[in-house]
Amino acid sequence: MPSFESRYAAYCDALDANSQRRRLLPSREPVAGQTLLADFSHNDYLGLAHDPAALEAALAAGRMHGVGATGSRLLSGNLAPHVELEAAIAAAKGTEAALVFNSGFQANASALAALLDTAALGAEPLVFSDRLNHASLHHACQLMNVRQVRYRHNDMTHLRSLLETHRSDPRPRFIVAETVFGMDGDQVNMAALTALAAEFDALLYLDEAHATGVFGETGYGLASGWMQRDGRSLGVAMGTFSKALGVAGAYVACSQAVRDYLLNRCGGFIYSTAPSPLVIGAALHHWQRLPQMAEQRTALQEKARTLRERLHILGFDTGASSTHIVPIIVGAAQTAIDLKQWLLDRGILVSAIRPPTVPPHGARIRIALSATHSTAQIDTLMAALTAWKQQAL
Ligand SMILES: Cc1ncc(COP(=O)(O)O)c(C=O)c1O
């Protein structure tokens, strides 16, 4: 009998054959003898991860409430910072309530799963999902054994036609999408999506992980103000504190009834220690600051627009990106790995994203722009990409 280790090793070896094996990078901290000129691999879109005032806010919350929450919210862990942050989120998103989680993956995998529960709905739900939704959203559907009806990425006409096909189906409908897609950097059309959800009486579940902090007039995401229609809730907008807010954790903004339900049915909330006061203290600090960061948001999108233009001139394919996330789609997984290494050899760190995270033949490098990137750093990136193009000719 083969050992467990040899079975797991064989699984990873098979990934190697398709250039799909994942490996941890060395620590991001500077290594002796290596100079990192620019890091486009992180999601610290507003440069807040090292913000001294947020660190102070975290420490103040930690001093008052402890470094850990010491229990689930339903037991000992329900602390004033959680309550305060949730009230601020609900007000900002225009929903009745909100609930915080330890991570975005946990929020999606457990809250969406709970909402899809046949026992609560009275029937198995019909889930219309964007084909490029994040793994955590698929995970929730898989967990609940729900078959997804996948619509072409961001294609509202296709979504409408699928909804039409199932119009007479009495089962409860869900529409699940991201508002800014993490690997493509394009945005949903909120007006079209909310209109479809209302027309077809579908619960809208939106993931604002990459929009929170960066989009919306006050920085609270693309779904802010869209989650109510004709006096009723259209569904749930989740988002994370782990990207533009530079912290960790996530929120689900929803109706009071949905929040009450999640308190009673969502395993990732019920059976998990509440987020640390340190994390919530920092997240609350940044959340309250977001409306004052309009200038940084505008500058970030302007930087992204210029970068896309320069990449197009060089003949690179940036797909449908219209945000600070700019992919360079190269097709083959090995090309993405080679280009990533080419850039790293020149002091530039980017992420290589390969299937199955992206569709087959959609391998890419992902350039995540931040408000902190300087013109010189972007010029360095462009010089290295120009050299890559020249050697590839
Ligand atoms: C769209 C989307 N949703 C959810 C998550 C998970 O968030 P977190 O990193 O906070 O677990 C991510 C992060 O990778 C994401 O890109």
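Cβ-Cβ distance below 9 Å, separation of 6 or more or different chains: which pairs start in region 6-22 with a residue that is within 18 Å of Ala363 (Cβ to Cβ) and end on one that is in a helix (DSSP H, G or I) and of a type in the set (Val, Ile, Thr)?
Listed pairs, sorted by first residue: Ser19/Ile337.
Filter region 188-216 down to the residues that are among the acidic types (Asp, Glu) and within 16 Å of the ligand (Cβ to nearest atom) and list them by number.
Listed by number, the residues that qualify are Asp207, Glu208.
Looking only at residues in region 62-105 that are within 16 Å of the ligand (Cβ to nearest atom) and among the polar types (S, T, N, Q), which one is farthest from Ala135 (Cα to Cα)?
Going through the qualifying residues, I end up with Asn102.
Find the residue count for region 256-277, including only residues that are aromatic (Phe, Trp, Tyr) and either within 12 Å of the ligand (Cβ to nearest atom) or within 22 Å of Glu199 (Cβ to Cβ) (or both).
0
Using the structure shown, decide if Ala384 is among the small types (Gly, Ala, Ser), farther than 30 Å from Leu137 by Cα, crowded, with 17+ Cβ neighbours inside 10 Å and modelled with pLDDT of 95 or more.
Spelling it out, Ala384 is indeed among the small types (Gly, Ala, Ser), farther than 30 Å from Leu137 by Cα, crowded, with 17+ Cβ neighbours inside 10 Å and modelled with pLDDT of 95 or more.
Tell me which residues, restricted to region 266-307, are within 21 Å of the chain's Cα centre (by Cα) and within 15 Å of Leu381 (Cβ to Cβ).
Lys303, Ala304
Among (1) surrounded by 23 or more Cβ atoms within 10 Å (Cβ to Cβ); (2) within 18 Å of Ser255 (Cβ to Cβ), where does Leu121 come up short?
Going through (1) surrounded by 23 or more Cβ atoms within 10 Å (Cβ to Cβ); (2) within 18 Å of Ser255 (Cβ to Cβ) one by one, Leu121 breaks only (1).
Restricting attention to region 252-295, which residues are surrounded by 15 or more Cβ atoms within 10 Å (Cβ to Cβ), small (Gly, Ala, Ser) and within 19 Å of Ala237 (Cβ to Cβ)?
Scanning region 252-295 gives Ala253, Ser255, Gly268, Ala283.
Among the residues that make up region 334-343, is at least one of them within 20 Å of His134 (Cβ to Cβ) and modelled with pLDDT of 95 or more?
yes
In region 144-173, which residues are closer than 28 Å to Tyr45 by Cβ, away from the ligand (no atom under 16 Å from the Cβ) and touching a residue at least 24 places away in the same chain (Cβ under 8 Å)?
Met156, Leu159
Counting only residues that are in contact with a helix residue (DSSP H, G or I) (Cβ under 7 Å, 6 or more places away or on another chain) and farther than 22 Å from Arg160 by Cα, which one in region 179-216 is surrounded by the most Cβ atoms within 10 Å (Cβ to Cβ)?
Once the filter is applied, the top-ranked residue is Gly213.
Look through Ala253, Ala237 and report the one residue that is part of a strand (DSSP E or B), away from the ligand (no atom under 13 Å from the Cβ) and either touching an Asp or Glu at 6+ places or on another chain (Cβ under 9 Å) or of a type outside the set (S, T, N, Q) (or both).
Ala253
Need the failing condition index for Leu369 against (1) at pLDDT 95 or above; (2) open to solvent by 10 Å² or more (accessible area, probe 1.4 Å), just the number.
Here Leu369 meets the rest and fails (2).
Considering only region 116-139, state which residues are within 16 Å of the ligand (Cβ to nearest atom), touching a Phe, Trp or Tyr at 6+ places or on another chain (Cβ under 9 Å) and either within 22 Å of His166 (Cα to Cα) or of a type outside the set (Ser, Thr, Tyr) (or both).
Selection gives Ser129, Asp130, Arg131, Leu132, Asn133, His134, Ala135, Leu137, His139.
Of the residues Gly219, Gly185, only one is within 16 Å of the ligand (Cβ to nearest atom) and either in contact (Cβ under 8 Å) with a residue 12 or more places away in the chain or among the basic types (Lys, Arg) (or both); which?
Gly185
Restricting attention to region 222-234, report how many residues are part of a strand (DSSP E or B) and either in contact (Cβ under 8 Å) with a residue 12 or more places away in the chain or within 13 Å of the ligand (Cβ to nearest atom) (or both).
Number satisfying all stated conditions: 3.
So if I check each of Leu37, Leu85, which one is among the hydrophobic types (A, V, I, L, M, F, W, C) and either over 30 Å from Leu290 (Cβ atoms) or within 21 Å of the chain's Cα centre (by Cα) (or both)?
Unique residue meeting the criteria: Leu85.
Could you list, in sequence order, the residues of region 1-44 that are closer than 19 Å to Thr380 by Cα and at pLDDT 90 or above?
Result: Leu37, Ala38, Asp39, Phe40, Ser41, His42.
The values are calculated or read from the model by the stated rules, or taken from the named source; none is laboratory data. Predicted, not measured: the structure shown is a model, and the values here were computed from it. Positions of Cβ are generated from backbone atoms using ideal geometry, with glycine treated the same way; all protein chains shown enter the neighbour counts. Protein only, heavy atoms only, side chains kept; ligands, DNA and RNA dropped before computing areas. Shrake-Rupley method; radii C 1.70, N 1.55, O 1.52, S 1.80 Å.
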